[in-house]
Amino acid sequence: MDQYKRGLFFSDEFVGENSWNGYERKCLFANAGGGQFLDVARPAGADSIKDGRGVAIADYNGDGKLDLVINNNNSTPTVYLNNLRRAGKCIEMKLVGTRSNRDAIGARVRLSAGGKTMTRQVEAGSGYASEAMLPIHFGLGGSAKIDSAEIIWPSGLTQRIEGSRLDPFVDRMARIEEGSQQITEARAARMAGRVAASMRQAHRGRT
Amino acid sequence: MKRKLKRLAQVLAALSLILAVAVATALYVMARKDKQHARFFSTGKSVNNFLSDYNHGLKDAFDKKDASELTRYYSDGYFSSGRGHWVMNRDKDEGDIACYRVLAEGRDDYRKADVRDEISRYLQGLTAIDDIKFKIDMIEKVDLDRSVLLTVKFILDGRDGQGALFQDRCFYRWNLVNEDASGAGYDWRIVSDELVEGVRVAGDGHSFTDLDPASAGIDYKHRRDPKLNVKSSDVHLKFGVIEHGFGGVSATDYNNDGRPDIFFADGVRSRLYRNNGTAESGKLGFTDVTAEAGLEGLDQANAGVFADVDNDGYEDLFVVRYLAPCKFYHNNGDGTFTDRSAEMGLDLVAPCMSACFLDYDRDGFVDIYIGVYGNALTDVPRLPFFAQNGGANRLLRNNGGRRFADVTDVSGTGDTGWSLAVAAADYDNDGFPDLMVANDFGRKNLYHNNGDGTFTEQAKRAGVLDFSGGMGLTFGDFDDDGYLDVYTSNINSNQRWFGEDMTVSQYMRNVMRTRYALTDAGEYLKVYRLLGPSWTEVGTMIGEGNSLFHNNGDGTFIELKDSHTNRAGWGWSVAFFDMDNDTKLDIYAANGWISNAPGTDL
């Protein structure tokens, strides 16, 4: 207690061999709407008790759902593959700047689907000492159709894209170049398992 | 002349007398306050012990299938008028998760036997208990040694008959009375209670698969920087716990195959893992490519951030190191990197912690902002709730992808807090990216980009000072109104009663008796200027945990204190992401400080 009294409660003598806010369960706050969230980490199976530091979010296995990698201080990392069964469709967008910086860092995208409009930004570095993948990810809920998208590029250009041009990329990653209406597939092996299976299916259908 | 001197002597004598009386009074008041604080502290500790006993009592009651012994924690005179019985009502699901609200139903009066029956019914619904926590959330009213009105946080991790994993989280208001007959000790009893709010969340625990990293080729374990290990004889730090703070991680696509690769920043050997996808075996696999990519030997690192610095189509790497030269690696586009730290002007040495890329001048080349902490070798944070003696953060301007120039001073972004986290976002939709900083032992800084190469600090005006141990922050539009909101991670102590006014004033009294009394005075004035008369609540603010700030769209934010996102423990990285693709941004919050032997928590 002496250390604390001297305002030095963060000294190593104070900690000694003790735990200090150790074995804490990670939190997964589900957005319940109306400014309300609900921590579902335990029933979702994402409540690791390691001393978590950085978190890198990306769709590592290409199944359209965002996964988590956590670097844990003095321990092995945690890899949480998203296996939620009740999940909606999605689209990912890799933005390529021409006048803007090539990664389009700072670009903001407003996407309308299913009667609502969502906003996401391209960012490189946030959280604590962490970086998520650069391409942005939109959940689409039950909607497989996109009404439109508006990209505000860092250069100042506002680019509008009709939903029909994006629909082919639902559950995939679209590569969109600044100012160009040409949209291409950004991840060849995306949804590898599912695509391969449906192609085999199509093949059998023909023969 | 003589008369004048005599007069002066009289005045001096009078003044010293007044001063002496003032000092004596101050010392007397301080001693009394000290005593009061000591009683506050021992009362708090005894209540903590009571909660711990109650916790064990509940576990015993479950094991014995009998709640009658639990009644000894309730006063014989227990009576809660109109309390109602507590029930669980099904709410709407969140993805795979079933959600319930705990509600008080009816207006029945409750006596001791009613409580026993209610607890029995509750326990009958559980087939296993994995963990129970009872903590003081807030001491609302305290009549030292005699009675305490407090909010209790109750968390139970359990399983039901169907094998579902659930967590019950309830807040109760308990009225405790000390029934110790001798008057010397503590024998707390509950005399009345009330439900503040409660939820149950239930699922099968498999919405996320906890993949064994080694089975996916990630043979990595984070190691601390040995140069910061105080147990080693040749390491002497003023700020000793720093070695526990590290461990950044990044997702990147360094080889442009569309699959996210992983970079782990490490104290001994940072690693880059290439994502091989799932095509080969149907299982996700990674390969350690640190050596072949030319990234060996990266120790003392806390973060690696990737961005295409020269617009050649490949992600370059900037590595943030603590008290070691930062590193810049150019991505050659063939799976290898070349160290160009010095020629790019990115080999600065500082107690760096984190970094983000942004194009603040919109010239088409991304710039770097670095969060700089304090130097643990030479300094401790002063004050512990408003430390401004860290290294200055750096803004480095990218000159055409060829070299970076330090524009910290001219841009006005040299925050000297103990910065742990930085992030960039255009919070006012004016087209220019702004910067926000989370400072440990301090406040947040929000730098508004004026669009002319300069920034103006706006945290107070914007309402995001957020005093605490700031650990992380992230931007995201969680309510889809077109403006980016902010979520910050801070420390939330399980003993947050500890930070109440009484403890803060005790801290002040302690400091006033040290050599820091004079050096800190100016800092207190700054805190007062920022917070006004409520500044003594800074202790409570510090323990409150993470904060969710809603962007009002007019350059200001409002903290959503009732959003249930603040109690995330000892916070570290936080991230917005839509976990179930339902269009709404959810939040992941990492936490945990130091896990030594279980059961030894301070």
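The values are calculated or read from the model by the stated rules, or taken from the named source; none is laboratory data. These numbers were taken from a predicted model, which means no experiment stands behind them. In this analysis, Cβ positions are derived from the backbone assuming ideal geometry, glycine residues included, and neighbour counts consider all displayed protein chains.
Residues that are charged (D, E, K, R) and farther than 27 Å from A:Ile57 by Cβ: which helices (runs of 4 or more DSSP H) entirely in the stretch B:456-546 hold 3 or more of them?
B:516-531
Restricting attention to the stretch B:547-565, which residues are in a loop (DSSP other than H, G, I, E, B) and either under 17 Å from A:Gly127 (Cα atoms) or at the interface with another protein chain (Cβ under 7 Å from one of its Cβ atoms) (or both)?
Of everything in the stretch B:547-565, those that are in a loop (DSSP other than H, G, I, E, B) and either under 17 Å from A:Gly127 (Cα atoms) or at the interface with another protein chain (Cβ under 7 Å from one of its Cβ atoms) (or both) turn out to be B:Leu560, B:Ser563, B:His564, B:Thr565.
Which number in (1) assigned to a strand (DSSP E or B); (2) at positive phi marks the one condition that B:Val177 misses?
(2)
Restricting the search to the stretch B:292-322, which residues are assigned to a loop (DSSP other than H, G, I, E, B), under 17 Å from B:Ala342 (Cα atoms) and touching a residue at least 60 places away in the same chain (Cβ under 8 Å)?
Selection gives B:Val309, B:Asp310.
Regarding B:Asp434, is this residue within 28 Å of A:Ile151 (Cβ to Cβ), acidic (Asp, Glu) and free of Cβ contacts under 8 Å to residues at least 60 places away in the same chain? Can you show your working first?
Numbers: within 28 Å of A:Ile151 (Cβ to Cβ): yes; acidic (Asp, Glu): yes; free of Cβ contacts under 8 Å to residues at least 60 places away in the same chain: yes.
Considered against the rule, which asks whether it is within 28 Å of A:Ile151 (Cβ to Cβ), acidic (Asp, Glu) and free of Cβ contacts under 8 Å to residues at least 60 places away in the same chain, B:Asp434 comes out as yes.
Would you tally the residues in the stretch B:200-240 being more than 7 Å from every other protein chain (Cβ to nearest Cβ), part of a helix (DSSP H, G or I) and closer than 30 Å to A:Ala44 by Cα?
Summing the residues that are more than 7 Å from every other protein chain (Cβ to nearest Cβ), part of a helix (DSSP H, G or I) and closer than 30 Å to A:Ala44 by Cα in the stretch B:200-240 gives 2.
In the stretch B:435-473, what residues are β-branched (Val, Ile, Thr) and touching a Lys or Arg at 6+ places or on another chain (Cβ under 8 Å)? Walk me through it before giving the result.
Of the residues in the stretch B:435-473, the ones β-branched (Val, Ile, Thr) are B:437, B:454, B:456, B:464.
Within the stretch B:435-473, B:Val437, B:Val464 qualify.
Can you go through B:Tyr447, B:Tyr487 and tell me which one is among the hydroxyl-bearing types (Ser, Thr, Tyr) and within 14 Å of another protein chain (Cβ to nearest Cβ)?
Going through B:Tyr447, B:Tyr487 in turn, just one is among the hydroxyl-bearing types (Ser, Thr, Tyr) and within 14 Å of another protein chain (Cβ to nearest Cβ): B:Tyr487.
Identify the single condition in (1) facing chain B (nearest Cβ under 7 Å); (2) in contact with a helix residue (DSSP H, G or I) (Cβ under 8 Å, 6 or more places away or on another chain) that A:Ile105 does not satisfy, given that it satisfies every other one.
(2)
List every residue pair whose Cβ atoms sit under 6 Å apart, with the two residues 6 or more apart in sequence or on different chains, where the first one lies in the stretch B:86-97 and is over 26 Å from B:Glu118 (Cα atoms) and the second, anywhere, is polar (S, T, N, Q) and modelled with pLDDT of 95 or more.
Every condition considered, the pairs that remain are B:Asp96/B:Ser207.
Given the conditions (1) in contact with an Asp or Glu (Cβ under 7 Å, 6 or more places away or on another chain); (2) more than 7 Å from chain A (Cβ to nearest Cβ); (3) in contact (Cβ under 8 Å) with a residue 60 or more places away in the chain, which single one is not true for B:Glu523?
B:Glu523 satisfies every listed condition except (1).
Could you check the stretch B:566-591 and list, in sequence order, the residues that are more than 21 Å from B:Val422 (Cβ to Cβ) and outside any strand (DSSP E or B)?
Answer for the stretch B:566-591, where residues must be more than 21 Å from B:Val422 (Cβ to Cβ) and outside any strand (DSSP E or B): B:Asn566, B:Arg567, B:Gly569, B:Asp578, B:Met579, B:Asp580, B:Asn581, B:Asp582, B:Thr583, B:Lys584.
Please go through the stretch B:355-406 and give me each residue that is among the acidic types (Asp, Glu), in a strand (DSSP E or B) and crowded, with 23+ Cβ neighbours inside 10 Å, ordered by number.
B:Asp367
Out of the residues in the stretch A:47-76 meeting the condition of being in a loop (DSSP other than H, G, I, E, B), at the interface with chain B (Cβ under 7 Å from one of its Cβ atoms) and polar (S, T, N, Q), tell me which one is surrounded by the most Cβ atoms within 10 Å (Cβ to Cβ).
Among residues in the stretch A:47-76 that are in a loop (DSSP other than H, G, I, E, B), at the interface with chain B (Cβ under 7 Å from one of its Cβ atoms) and polar (S, T, N, Q), the one surrounded by the most Cβ atoms within 10 Å (Cβ to Cβ) is A:Asn61.
Is it the case that B:Asp586 is facing another protein chain (nearest Cβ under 7 Å), out of contact with any helix residue (DSSP H, G or I) (no Cβ under 9 Å at 6 or more places or on another chain) and free of Cβ contacts under 8 Å to residues at least 60 places away in the same chain? Write out each step before concluding.
Numbers: facing another protein chain (nearest Cβ under 7 Å): yes; out of contact with any helix residue (DSSP H, G or I) (no Cβ under 9 Å at 6 or more places or on another chain): yes; free of Cβ contacts under 8 Å to residues at least 60 places away in the same chain: yes.
Against the criterion (facing another protein chain (nearest Cβ under 7 Å), out of contact with any helix residue (DSSP H, G or I) (no Cβ under 9 Å at 6 or more places or on another chain) and free of Cβ contacts under 8 Å to residues at least 60 places away in the same chain), B:Asp586 qualifies.
Within the stretch B:121-163, can you find the residues that are among the polar types (S, T, N, Q), more than 20 Å from B:Glu197 (Cα to Cα) and part of a strand (DSSP E or B)?
Hit for the stretch B:121-163 is B:Ser147, nothing else.
Out of everything in the stretch B:262-283 that is in a loop (DSSP other than H, G, I, E, B) and touching a strand residue (DSSP E or B) at 6+ places or on another chain (Cβ under 7 Å), what residue ends up being farthest from A:Asn72 (Cα to Cα)? It would help to see each step written out before you state the result.
From the stretch B:262-283, those in a loop (DSSP other than H, G, I, E, B) are B:265-270, B:278-283; that's our starting set.
Narrowing the set further to residues that are touching a strand residue (DSSP E or B) at 6+ places or on another chain (Cβ under 7 Å) leaves B:265-266, B:270.
Working: B:Ala265: 11, B:Asp266: 10, B:Ser270: 13 Å.
Ranking the candidates gives B:Ser270 first.
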